[in-house]
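Notes follow the structure.
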Amino acid sequence: MVIGCSNNDENPTQETPKNLIITSYSPIAAMAGDEITFVGENIDVSKEYTILFNGIASTEVQNFPTEIKAIVPTDATTGEIVIKYDGKSLNVGELVIIEEPQLIITSFSPTTAFTGDEVTFVGENINPAITYLVSFNGIEGETTNVTETEIVAIVPQGATSGEIVISYEDISTTVGAIEIIEELDKLYGYLPIEGADCDVLKIHNLNINTGELLDEIALLHNQSCYSYLSSNFYREGNIFVHTYTTRYGQGSPYGKACTIVNLTSGEITGWTLSDGADYDGSILAAHNNKIYYIYRYYDSIDDIYEIRSANLNNSNVSTIYEFPTDFIYDIKNSGFLPSTNEVVFFTKNESGQPIFMRFNVQTSTLYTSNVSEIYSKIFITKTERIFGVKDLGGEEHEIVEIDKGSGNILSPLATVSVRNVKNIDYSLSSNSIFALLEEAYNEQYLYKLNLTTGTSATTPLDQQNQHKDFEGIYLNN
């Protein structure tokens, strides 16, 4: 018997699966969440590969014809990389796990600040994509800016001296201690309420950082009046002095009156500065229990200008200087220099020439000099620094410091873009200039310029239905 082989026998050759070969991978050092690429041969895109990083499996693996990609898991540590498939294990090398660089603050400034001030932290490993919370002795401030080198935060209300802690993700870093100085000044504002012109004028406390309208302090006056003339906050006595035009009966001419409000005692007094034949009663200064004001009247030939003084307690009035008959100046910005007993004021003559005047109230001597600038507002601090607002044209204004002897500019401090700067004041305790800005009717802002840091902030003033726009802001410093 011959046994032969049939060509129809089916015995196909079985191809042996090829082992996975990894020729390289990168990077060889990474942080959790980074992607690792493995380049190799015999990769089956349909196969499931488990990639372990020092025993921790990645939950994100992708297969490609020549590559396998995997994300380093959160809990991975430095160690061997193992790829498992088909019951096999392939050791492909080691991965070094890099710890996420922690925030390092190398310095911050200022180290002494008021609430509302900005503090800048300079450091390393700052990520602008991360949210950083800055706490001042346990009270969280507002983080206003984050760059790769700086974090800027505002000292919050209620903050006290103590440690600063910056928190991000699950990490908290103590960066040092700061001294918080109490703002000694109080901010006041006065505004007309319910009525045209200045029928009712009230004084309120304002939040010195936000401009929020707080408690009513006093009623400045509620008489029927035609227009407000000027106000002065007499700091030595904590007294508001306000002048305005008024009439005492229908058809009567408008006169000038003065109201005095003592914020300490609550007492309100006042008297008539001039009658209906007179034109002005603008206050120049208040000092040593007296006010000094311009008294302007018509003697049937010329306008006559006088500087008068009035005692705050008993309204005794005296003329201390009479200008020449050709004096026709517009006097608006003034103050007092105690060291020289001088009322100083800026004005201009008929031709528009700016003039700086210093009047000694003891000797009745007047010094006059031409200056190059006209200031829309000035303020004299109790340390006898003079700050002014120079109009640059359009809606540009420059805040400057002025030489108290010559009336010329010492240095520019800041530029403000706004329609009108209605008032300017200064806080000695925080070395900051405050200003009342006006953009439009019922659109006003509180501006603060820190002269120590050079930083500024502009805050919308409280908009409430029961009041019109503010007439002025004043600081008790």
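The values are calculated or read from the model by the stated rules, or taken from the named source; none is laboratory data. Quantities reported herein were computed from a predicted structural model and do not represent experimental measurements. Don't worry about glycine lacking a Cβ; one is built from the backbone with ideal geometry, like all the others, and counts go over all protein chains shown.
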Every residue from segment 70-124 that is among the polar types (S, T, N, Q), closer than 30 Å to G141 by Cβ and surrounded by 12 or more Cβ atoms within 10 Å (Cβ to Cβ): S109, T111, T112, T115, T120
Residue, farthest from A457 (Cα to Cα), within segment 133-155, restricted to residues that are of a type in the set (G, A, S) and crowded, with 16+ Cβ neighbours inside 10 Å: S135
Residue match in segment 140-153 (condition: at pLDDT below 80 and either in a strand (DSSP E or B) or touching a helix residue (DSSP H, G or I) at 6+ places or on another chain (Cβ under 7 Å) (or both)): no
Extreme residue, farthest from V343 (Cα to Cα), among residues of segment 392-435 that are without any contact (Cβ under 8 Å) to a residue 12 or more places away in the chain, touching a strand residue (DSSP E or B) at 6+ places or on another chain (Cβ under 9 Å) and outside any loop (DSSP other than H, G, I, E, B): S411
Residue in segment 339-346 that is assigned to a loop (DSSP other than H, G, I, E, B), modelled with pLDDT under 85 and among the polar types (S, T, N, Q) present: no
Of the criteria (1) touching a strand residue (DSSP E or B) at 6+ places or on another chain (Cβ under 7 Å); (2) within 30 Å of T23 (Cα to Cα), which one V122 fails: (2)
Lone unmet requirement of (1) of a type in the set (D, E); (2) surrounded by 13 or more Cβ atoms within 10 Å (Cβ to Cβ); (3) touching a Phe, Trp or Tyr at 6+ places or on another chain (Cβ under 8 Å) for E35: (3)
Filtered residues of segment 60-114 (kept if touching a residue at least 24 places away in the same chain (Cβ under 8 Å), part of a strand (DSSP E or B) and within 12 Å of Y49 (Cα to Cα)): E67, I68, K69, A70, V82, I83, K84, Y85, K88, L90
Residue count for segment 312-333, restricted to those that are of a type in the set (S, T, Y) and at pLDDT below 85: 3
